[in-house]
Each structure stands twice: as structure tokens, then as C-alpha cells.
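Structure record follows, encoded as C-alpha cells.
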Amino acid sequence: MQNAKKQNLIFKQASQTILVLILFGLFMVGAGAKAAMKSSSYIIYENIHHTFDGPIISSVSHSVDGVDATVVWNTNIVSDAYVIYSTDSSFANSMEQGSSVKNNASHSVTVTGLTPETVYYYQVRSERINGGATTDTTPRSFTSGSTDEGTTPPSGGGGLLIIDKTDKAPPEITNIQTISVTNQTAVIAWETDEEATSFIEYGLSENYGSTYGEWASSTKHSVALINLEPDSIYHLRAISSDGWGNVGYSEDIVITTVPGEGEEALPEEPVGEEEPGIIENLANNALDFISRLFPEVSLNELSDIGSIDDLSGYIATPILIGEPIVEIGASEVTISWATDIESNSLIALAPEQAYNPEITEPYQQTVGSPGVYTFNHEVILHGLTPDTTYHFQLRSAAQLGPTAHSRDFSFRTSIEELQIVSYLTQIIDNETAVFKWVTNKPADSALTFTPYFNNVLGVDQQKTIKDNSISVVHEITINEFVGGTYYEIELLSTDDRANEARKILSQFSTTEDDLPPVISHIKADSTIFVDRSNKIQTIISWLTNEPSTSQVEYQEGVHGGSAKLSEATNLNMNYTKEHVMVVTKFKPGVVYSFRVKSIDSGDNLSSSKVHTFMTAKKKESIITIIMNILENTFGWLKKLM
């Protein structure tokens, strides 16, 4: 009994202790405590967000080879690697090259496509896996060489940004004029002092929000805008970019679309003298017809009908069923509703500052389909201002009868999202392609491309090219694609609020006719291990112009170029341009024939010609050497015997 009481007391004390610890832990978390509770057997940490410092950057250096520059540096932890560079020491218009892959602490980025004999300023940036980033802003610079200094042949895979900034002046836009304006269209023309593209940024405010045009280059430009709202004020400006990536902008201009075309009034027919009998018969027949059609309406009321307009007042209005369905975007809203009879679809609309319920027509404009009659209605409102409150009213009328009006509703457009509204790819040759895209708001330009190897993305070969210039027209050129290799291309633009717009091209290739890898620099070196087994190790290496697999076929003896060699190493599926295979099955002091084979990501096979070499001989002991000397010296005795 005493033991039971003791156990109950211990259990009660333990329960109270656990409860106190729980309450204290909740209090510490709720109070945002900075410290942790510690003992020799436990640690209780608060639930706080921890930010990590960026990696420590050290040993930054560079080397220049013609119009390419290689920048190397180290970090204390694995991180990604980017070089930020510009011809301006303030980095006002900077470019970036590098890789977002975070798998190394020793970094090397080759910046290519530089302007010959030009001073470039650069910085390096690395970001660790959990988000901490460091930019080394120590002033550094290099001067690019001439185009004929580079001796390194081009290699496959990877990618280059080719923006030759010899021309740094944007196109000058002049003589901008409005050629024509209707209720839904406008034609704008302008001229530039050099060949450039033709785009118009436009919208209902100076924030614009829409971009339309074409990539063809010219000095005389004309863009036709369509699907504008009638009787609306539009802001617009012309944009032209030249072949060097420089973008020119015109000043803001304002146009007003004309009011929507209304139904023309029918000409009034002259009223002549009619015979009283005919009018009386027509009136009696009409009243009889109406009485049968509307038996609930009294004849006294019908006697007041003198026109079709008077008659329409006795026809029931369409019933608007339920609440409207409103799908809200930043500049476009879709409103849907239903009626009990076929009727047209109209929306009366006004922004909040223009809505006035005290007047007969409280709305600013009416849009929709006045001549289409249906039970289910949908009206799309275009060209709205982002993050703005609008009032609207549903209106539906049958072919005959009054118009049904809903109560006032309102919605607020969403904050404008950054979007890639169009894009274009131009394949120049097997190695070169130009990527162009347009965003609805000014943003920077970045392109990431990753090759496929055996239908798997080779993320370690991923590379990102970035232009920090802000524009709605974007263009990046890559000139180191491998013909027939497929790539995942990501177009990315980021605005000043860190909003991102992406477009993925999942299977991009410069050519359908794939080319096999080119094999070069084949070497074979053999060594012998000094141990009891006298084991031979042979290293066979070679290069290819694109990432591909590795395999060696071999056979003892000397064989011709077309011979089928009887043995082979296992196929190494690691896609690389620098191949090394280690063979340990060779015999010492024996001649072997071998060929190397590589398969690229498109299953294209390359085989080298047959090469021959002799493996290293076994090392001889002192006794063996002495015996060989004696045998050579006294070998003549064998002939006498």
C-alpha cells in the first residue's frame, strides 16, 4: 500500500513537471524568446526564422583569351557561380553569365562574346543552398583581346551570350503619328535612324500594360492596334530595338477611340390621310390580338396603346437569374449571367471615381453584344486598369420589350502580373539561335538552357545568361548549341517588384538532323604496379566536341581499321566531353589494338579508327638480369655441345 502511494506521488510530480515544461515552452515561443533551453539531455529551441550568411568568396582571378575571359574563385561552402560584368564601372547596364547549380566550392565561369579590345569591369556572386548570397564588389577589370587572339577551338554543349556592344546607342524614334483611329482600332507610324523592330506599348493609363508589334527590322514602322474599347482614352509609346540589343522609346502620346457605332434610326415615314374605316379595323384587330395574348391586362389599359413603344411596356422584362459570375484579372474581367428568355448581353461599367448613382446614367460606358440573343450571357471587359475598383450593372433586353437592369455590383481588378505575352525563336545555324520575347511590363532578361542526355536533363551542364537592362522587348543569342541535341530553354523576366514571368520550351533543338560527336586527342598510357601481381594499368583518354558516353574496344595483337575487336570495357553513361577509361586486363609487354566509342544524347555513335600500343614490361629482378647476361655471354657453349 505504501509503495502504491509512493508511485502515485512520483507520477503526480512527474506530470506536474511535464506540464510546467510544456507551458514554459509555449510561453517562450509566444514571447519570441531569443534563447534556447538546454540541459545535458535535451535542447528546446524556439520556432524562429533563421537567415544564413552568404558564402565567403576568396581567390578571385581572371585570364583572357581573345574575346573570352575566364573568371575563377573559391567559396567556403558549395554554391552557384555568376560573373556580373559591364563596360561601365558603375554597372548601370550589366550582364551576367554563370550557373545556378549549387554543387561546387571551386568556381570557373567563362564569359564569352565580348567586344574586342574593350575594358570590362566585373564582380562575382555566389549563393549557397539555403539562400544566403554574397557579391564580391572589389573593383576588378580586364581588357579583352582581339578576335584573332583566341586559340581555343569551339566545343559543343554549354552556351554563350553574344551581344556585341560595339553599338551602344538605341534607335532614335522620330515622326511618330497617329494614322487612323476608329472605335476599336488605331494605326501608329514612326521612323528610326537605323534598322529596328516595331512595337507599341499601350493601355488606359501611363502604366500601359499591353504590348503589340512585330520583330521584323525596318526604318519605317507601322503597327495596327485592334480590340480597343470604344470612346476610351489610351496612352501609348513606340518601342524599337536594334540588332545590338539597344532599345529606344518614344514619348507618351494619347489617343481617344471614337464612340461605338449605335443603331441607326429608321427614317420616319410620312403620315398620310388614311380612311377612318381602315384605321378602326386595324385598331380593333390589334386590341383583339393583344387581349388574347395578354388576358390579364384590362381593355381600359390597352386603349392607351398608341405605338410599339407603348406596347413594349406591357411585355415582361427578362429575369436575371442569380448573381453574376465574375472572373477577375489585372486588365481583363469576364462577367457571366443567365436570363429566363433569350435576350442580349450588355454591361454598364464605370471606374469608382467616375460612377455617379445620383444621375440618370451613373455609368461611363456600355459594352457587350446588343444584337446577339441567348439564355446564357458572357461579356469580356478588356483594357481595365490593374488594382482598380469598378462598378457595373447587368443589362439584358429581348428583341421586343423593355431592358432588364440589375442592381449595382462592383469588383476590383488584381494587381498586374508580369507576363510573357509572346516569344519568337530564330535558328541561325546548328550552333546559333536567337530568342526574343515581349513582356507586358518592363523587366530584365534571363535565359537558362539545359541539355538532355539520354532523355534526362543534365543539370550539371545548365547555364544561365542574364541581361539586367529593363525593357518590355527582350533578346538573347546563344551560339554554342550542338546540332541535334535537345535542350530545355527557360525564358525568365523579373520586374522591379521581384515578380517573375517564365516560359519553358521543353524540347528545343537547332536541327533535326543530328550529328555524331567528333572524337579527338586520343592517348594511351600504361604503367605497371610493383607488387607480387605485377598488375598493368592502362589509361585511355580522348576528347569530344559535345557531352557523350565512353567505351573502349580492344584486342591483343595488331588489327586493321575495320576489324571487329573481341573485348570491350563497360559503357560509361556519364556524359562528358573529357573521357578517361582505365583498363586493368592488359598483359605486360604486349601489343594491343583499340578503338574508342562515344554516343551523344541523340543516340549518335562515333567510333575512332583503330590505334595500337604496347603495354609496359614487367620489372626484372637482379638475379634475372644476371642470368640473362650469363646466358647471352656463354650462349655459344650450347652450340658446341
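Among the residues of the stretch 159-182, which ones are more than 24 Å from Thr87 (Cα to Cα) and either at pLDDT below 90 or among the small types (Gly, Ala, Ser) (or both)?
Correct list: Ser180 only.
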Please give the number of the condition Ile489 fails out of (1) open to solvent by less than 60 Å² (accessible area, probe 1.4 Å); (2) in contact with a Phe, Trp or Tyr (Cβ under 7 Å, 6 or more places away or on another chain); (3) more than 21 Å from Gln419 (Cβ to Cβ).
(3)
Between residues in the stretch 439-454 that are in contact (Cβ under 8 Å) with a residue 12 or more places away in the chain and residues that are open to solvent by 20 Å² or more (accessible area, probe 1.4 Å) and outside any strand (DSSP E or B), which pairs lie under 6 Å by C-beta distance while being six or more apart or on different chains?
Asn440/Gln419; Thr450/Gln462; Pro451/Gln461; Tyr452/Tyr486; Tyr452/Ser601; Phe453/Ser601
Filtering the stretch 418-442 down to residues that are within 20 Å of Ser241 (Cα to Cα) and under 12 Å from the mean Cα position of the chain (by Cα) yields Gln419, Ile420, Val421, Ser422, Tyr423, Phe435, Lys436, Trp437, Val438, Thr439
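Out of all the residues in the stretch 372-387, which are part of a loop (DSSP other than H, G, I, E, B) and modelled with pLDDT of 90 or more? Quick ask: steps written out before the conclusion?
Step one: filter the stretch 372-387 for residues part of a loop (DSSP other than H, G, I, E, B), giving 382-387.
Matches in the stretch 372-387: none.
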Report those strands (runs of 3 or more DSSP E) wholly inside the stretch 169-250 carrying at least 2 residues which are surrounded by fewer than 17 Cβ atoms within 10 Å (Cβ to Cβ).
173-181, 186-203, 210-225
What residue, of Ser566, Ser593, is more than 27 Å from Thr511 (Cβ to Cβ), free of Cβ contacts under 8 Å to residues at least 24 places away in the same chain and of a type in the set (Ser, Thr, Tyr)?
Ser566
Select from the stretch 251-274 the residues that are at pLDDT 90 or above and surrounded by 10 or more Cβ atoms within 10 Å (Cβ to Cβ) and write down the one among them that is farthest from the chain's Cα centre (by Cα).
Val258
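With over 17 Å from Val473 (Cα atoms) and at pLDDT below 90 as the only criterion, which of Glu206, Glu191, Glu214 stands out?
On the way: Glu191 fails: at pLDDT below 90; Glu214 fails: over 17 Å from Val473 (Cα atoms).
When all the criteria are applied, what remains is Glu206.
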Report, by residue number, each residue of the stretch 600-610 that is open to solvent by less than 50 Å² (accessible area, probe 1.4 Å), in a strand (DSSP E or B) and modelled with pLDDT of 90 or more.
Ser606
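Name the single residue that is least open to solvent (accessible area, probe 1.4 Å) among those in the stretch 325-370 being part of a loop (DSSP other than H, G, I, E, B) and aromatic (Phe, Trp, Tyr).
Ranking the candidates gives Tyr363 first.
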For a quick check of your reading of the model, give me the residue pairs whose first member lies in the stretch 499-525 and is modelled with pLDDT under 90, whose second is of a type in the set (D, E, K, R) and surrounded by 14 or more Cβ atoms within 10 Å (Cβ to Cβ), with beta-carbon atoms closer than 6 Å and at least 6 apart or on different chains.
Ser506/Glu488; Pro517/Glu546; Pro517/Asp600
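Does Asp288 satisfy being charged (D, E, K, R), within 20 Å of Gly401 (Cα to Cα), open to solvent by 90 Å² or more (accessible area, probe 1.4 Å) and modelled with pLDDT under 95? Spell out how you get there, then give the answer.
Values: charged (D, E, K, R): yes; within 20 Å of Gly401 (Cα to Cα): yes; open to solvent by 90 Å² or more (accessible area, probe 1.4 Å): no; modelled with pLDDT under 95: yes.
Judged against the criteria, Asp288 is not a match.
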Taking the stretch 56-99, which residues are of a type outside the set (Val, Ile, Thr), farther than 24 Å from Trp244 by Cβ and at pLDDT 90 or above?
Ser58, Ser59, Ser61, His62, Ser63, Trp73, Asn74, Asn76, Ser79, Asp80, Ala81
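Anything in the stretch 542-599 that is acidic (Asp, Glu) and open to solvent by 60 Å² or more (accessible area, probe 1.4 Å)? List them, or say none. Working first, answer last.
Filtering the stretch 542-599 down to residues acidic (Asp, Glu) leaves 546, 553, 556, 567, 578.
Listed by number, the residues that qualify are Glu556, Glu567, Glu578.
The values are calculated or read from the model by the stated rules, or taken from the named source; none is laboratory data. Predicted model, so just to flag it, every value in this text is computed and none were measured. With ideal geometry, Cβ positions are generated from the backbone for all residues, glycine too; neighbour counts draw on all protein chains shown. For the accessible areas, the whole protein counts, side chains as well, though only heavy atoms, and no ligand, DNA or RNA atoms are used. Shrake-Rupley method; radii C 1.70, N 1.55, O 1.52, S 1.80 Å.
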